[in-house]
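The values are calculated or read from the model by the stated rules, or taken from the named source; none is laboratory data. None of the values given here were measured: they were computed from a predicted structure. Neighbour counts run over all protein chains shown; Cβ positions are idealised from the backbone, glycine included.
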Amino acid sequence: MRIKNISSTRAVKVPASDTGLQISKTNKVKWLSYPYILWMAGFIIIPLFMIIFYGLSNDEGRFTLENISLILNPVHKKALFLALELSLTSTLICLILAYPLALILSKFKMKSNSFIVLIIILPMWMNFLLRTIAWQNILERTGIINTFLQFFHLPTLNIINTPSAIVLGMVYNFLPFMVLPIYNVLIKIDKDIINAARDLGANSRQTFGKIILPLSLPGVISGITMVFVPSLTTFVISTILGGSKIVLIGNVIEQQFRLGNWNTGSGLSLVLMIFILLSMAILSKYDKESEGNNIW
Amino acid sequence: MNDNKLINLVNISKSFGDTMVLDELNLYIRENEFLTLLGPSGCGKTTTLRIIGGFEIPDKGQVIFEGMNITKLPPNERHLNTVFQKYALFNHMTIAENIAFGLKIKKKSKAYIKDKITYALKLVNLDGYENRMPDSLSGGQQQRIAIARAIVNEPKVLLLDEPLGALDLKLRQDMQYELIRLKNELGITFIYVTHDQEEALTMSDTIVVMNQGYIQQIGTPEDIYNEPKNAFVADFIGDSNIISSTMVEDKLVNILGVNFPCVDVGFGKNKPVDVVIRPEDIDLVRPEEGILAGRVTSLLFKGVHYEMEVMAGGREWLVHSTDLCAVGSEVGIKVNPYDIQIMHKPESEDEQAVELEV
C-alpha cells in the first residue's frame, strides 16, 4: 500500500510540472498574437460595430429599423435576389468545374504538388481589376471574340452587360478558391483508404461515391463558402461586366455609401450579412451531418 | 495443411523507375498456411504482397490463384482481403459501417450483415463497439477492426502488411497470439509481411526470407533459425557468429586455425565455407576444457541471459549464457558438433555484393 501511495503522489507531481512548462510556453506564443489581435480589433471588430450602429440608427443617432426595412424597397429587393441568383449560379458552375479538376490534379505524383498549386494561383498574380477589365475588352461588341467571329462571318455574341457576363467574371475570378480547398483535402486522403475500399470489393465508381466524395466534403464546403460570399457581395465585377443596367445588392450598397447615406448602406449590409451567416450555418450543419465528426 | 498450391507466383519481376524491386520471383503459397515474408525494408516483401492483393501489376510474370491467372484482375474482383499497415479505416463511418462496407457492396441482406458484424466483433474481442467512430479507438483496437472488416468477407486468403508495426511491444505480443488464434479459428491462409524476425518466428508455418528482390531462403521457423542457408539469413534472423572458415573434410571444419568436429557432409575437401554458431550454442568452460581459449571482454545483463563478448582465436565471439563470467576472466569455448551450421560461400560477385551491403 505504501509503495502505491508514493507512486501515486509521483504521478501527480509530474504532470503538474509539465503543465507549468506548457503555461510559460503558451504565454510566449500569446505575445506573438497581440499584433494580430490589435489589427483585428482596429480594422474588423470596430468597423463591424460601426456598421451595426449606423445600420440601426438614423441621421440623428436614434435607434430605428428603417434602414433595414429598406430592403423591401422593390429596387433593393430585386438587386438582392439577382445577386443571390448570380452568386449561386457561379458557385455551382465553379463546383462543377473545380471538382473534376481537383480530382485529376490530386492524382499527379507528389513531386509536382507545388507546381500544381502554382498553376491554380497563377491568375491571382495579376490584379483582380485588371483581369476583369480584360474580360470586358474580350466580351465587348467590338471585342476580340466578336472580331474573330465576324472574320469568319459567324453570328456575333452579345454577352457584355448581361447577367451571363457577370457570372463569367465571378467564375473566372473565384474558381481558384474552389479548386484549392478541394485539392488540399483530396491529396490528404490516404492512398491505402482508397485501396482498402477497392480491396473490399468496391469498383472505382463506388469508391468515389462512398469514400472519396464524403471525405472531400469539408473541402467542398469551404470552397463553396469562399466563392459564394465574395460573389454575393461583389460590386466591381457587376459594374465592369454588367454596365449600368444590372444592379446587384453590392452596387446598391456601394451607391448608398458614395452618396453619403451611411445609415442606409449599413442597414442593407446588415441584411446581406444575415444571408451570409445563414448560408454558412446551413453549410456547417450539413457538414456535421454528413461527417459524423470533423476531419479537419 | 496440405500441398495444394493456392497461390502461385511465377517469374514475377517488378521495377519502379530504375529500381528493380523484384527479379524473377517464384513462390507458391499452400492452402491454410501462415506464410510470412520477412526481410529488411526495400527487400520487396510489401511489393510482393501488393501484387498478390492487386494494388500493383508486375512487369513480368503471373499470379495464379486457384489455377486462374489473376495477374491483371483489379483488387475488387479478387477473393482475398488485405489488412493495411496503418489500418486504413474509413473515418467517416462507424465501426459497424466499416465492417459492413464489403458486405453492403456485395448486396447481402440486412440480417446477414448484422449477424456478421456481431460475429466479427466477438471474434476480435470488441463486442459492443458497433456505434463508435474509428478515431475514438486505440491503435490496437483499430487494427482489430481492420481485421474484422476484412474477414467478414470470408476471403480465402488474408494479406497482412506489417499490421503490428505501429503498436507498442506489449500490444504487439498480445496481438501475435490473437492472430494465431484467429488463423486457427478461421482456417484460412494468412500471408504476413514483416521486418520483425521475432514476429515471423512466433507465428509462421513458413517463413520466406527476402533481400533485395530475391528470396534468400524458404522454410519453417526452425529451419530458418537453425539451418540458415547463407550469411544474410543467419545475420538477419537472431544474433549469430558468422565466421569464414575452411571445410577440412566431411564432419570436420577448421575455424580460426582450430579443427572443430561438426555433422555436415558433402562440402568437399579444403573448401572455404561460412560457419554460423548461435551465441546461445556456445558453452563457456574452463580454458583447458575448451577447443579455443579466450578472455571475456564485455558483459551485459539482458534479463533472461547474460550477453558476453569473448576474445578468442583473434576475433570477438558473441555468447549468450545464463551463467555469469566476469569481464577479464579466462574461458574456454566449446561448441557441440550439431550446433555448427556450415554454409556455402557466396559464389558470384553479385551475391557477394548483396551481403556486403547488409
| query | Do we have B:Leu158 as crowded, with 23+ Cβ neighbours inside 10 Å, in contact (Cβ under 8 Å) with a residue 24 or more places away in the chain and of a type outside the set (Asp, Glu) here? | reply | yes
| said: Quick check on region B:256-270. Is at least one of its residues surrounded by 16 or more Cβ atoms within 10 Å (Cβ to Cβ) and closer than 29 Å to B:Asp196 by Cβ? | reply: no
| message | Which count do you get for residues in region B:289-308 that are over 27 Å from the mean Cα position of the chain (by Cα), charged (D, E, K, R) and part of a strand (DSSP E or B)? | response | 1
| Do you know which of the residues in region A:193-250 that are more than 29 Å from A:Met273 (Cβ to Cβ) and of a type in the set (Ser, Thr, Tyr) is modelled with the highest pLDDT? | A:Thr207
| note | By residue number, the members of region A:184-223 that are farther than 30 Å from B:Val83 by Cβ and not hydrophobic (A, V, I, L, M, F, W, C) are A:Ser222, A:Gly223
| query | Residue check, A:His153 against (1) at negative phi; (2) modelled with pLDDT under 90; (3) exposed (fewer than 14 other Cβ atoms within 10 Å of the Cβ), all met but one. Which one? | reply | (1)
| request: Identify all residues within region A:240-271 that are in contact with a strand residue (DSSP E or B) (Cβ under 9 Å, 6 or more places away or on another chain) and aliphatic (A, V, I, L, M); write none if there are none. | output: none
| request: Quickly run through region A:138-161 and pick out the residues that are out of contact with any helix residue (DSSP H, G or I) (no Cβ under 7 Å at 6 or more places or on another chain) and part of a helix (DSSP H, G or I). | output: A:Asn146, A:Thr147, A:Phe148, A:Leu149, A:Gln150, A:Phe151
| request: Go through region A:190-296 and tell me which helices (runs of 4 or more DSSP H), entirely inside it, have 1 or more residues that are in contact (Cβ under 8 Å) with a residue 24 or more places away in the chain and within 14 Å of another protein chain (Cβ to nearest Cβ). | output: A:213-233, A:262-291
| message | For region B:241-264, check the following and say yes or no: at least one residue is touching an Asp or Glu at 6+ places or on another chain (Cβ under 8 Å), in the same structural domain as B:Gly290 (by TED's automatic domain parsing), at positive phi and not β-branched (Val, Ile, Thr). | response | yes
| task | Scan B:Gln142, B:Gln217 and give me the residue that is at pLDDT 90 or above and over 19 Å from the mean Cα position of the chain (by Cα). | result | B:Gln142
| task | Taking B:Asp174 as the residue in question, decide whether it is farther than 21 Å from B:His320 by Cα and modelled with pLDDT under 90. | result | yes
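Condition check ((1) within 27 Å of the chain's Cα centre (by Cα); (2) modelled with pLDDT under 90; (3) at positive phi) across all residues:
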residue: B:Gly314; (1), (2), (3): no, yes, yes
residue: B:Leu324; (1), (2), (3): no, yes, no
residue: B:Ser329; (1), (2), (3): no, no, no
residue: B:Lys345; (1), (2), (3): yes, yes, no
residue: B:Glu349; (1), (2), (3): yes, yes, no
| remark: Restricting attention to region A:183-225, the residues that are acidic (Asp, Glu) and buried (at least 21 other Cβ atoms within 10 Å of the Cβ) number exactly 1
| query | Within region B:297-340, restricting attention to residues that are of a type in the set (Phe, Trp, Tyr) and surrounded by fewer than 14 Cβ atoms within 10 Å (Cβ to Cβ), which residue is farthest from B:Val263 (Cα to Cα)? | reply | B:Phe301
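Would you list the strands (runs of 3 or more DSSP E) that sit entirely within region B:34-153 and hold 1 or more residues that are buried (at least 18 other Cβ atoms within 10 Å of the Cβ) and within 11 Å of chain A (Cβ to nearest Cβ)?
Details: elements: B:34-38, B:60-65, B:80-83.
Answer list for region B:34-153: B:80-83.
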| message | For region A:37-77, give me each residue that is at pLDDT below 90 and of a type in the set (Phe, Trp, Tyr). | response | none
| Quick check: is even one residue across region B:166-189 over 19 Å from B:Leu89 (Cα atoms), surrounded by fewer than 22 Cβ atoms within 10 Å (Cβ to Cβ), touching a His at 6+ places or on another chain (Cβ under 8 Å) and in the same structural domain as B:Phe65 (by TED's automatic domain parsing)? | no
| query | So which pairs qualify, if the first residue must be in region A:110-138 and within 25 Å of A:Lys191 (Cβ to Cβ), the second must be among the hydroxyl-bearing types (Ser, Thr, Tyr), the Cβ gap must be under 8 Å, and the two must be at least 6 apart or on different chains? | reply | A:Ile116/A:Tyr183; A:Val117/A:Tyr183; A:Ile120/A:Tyr183
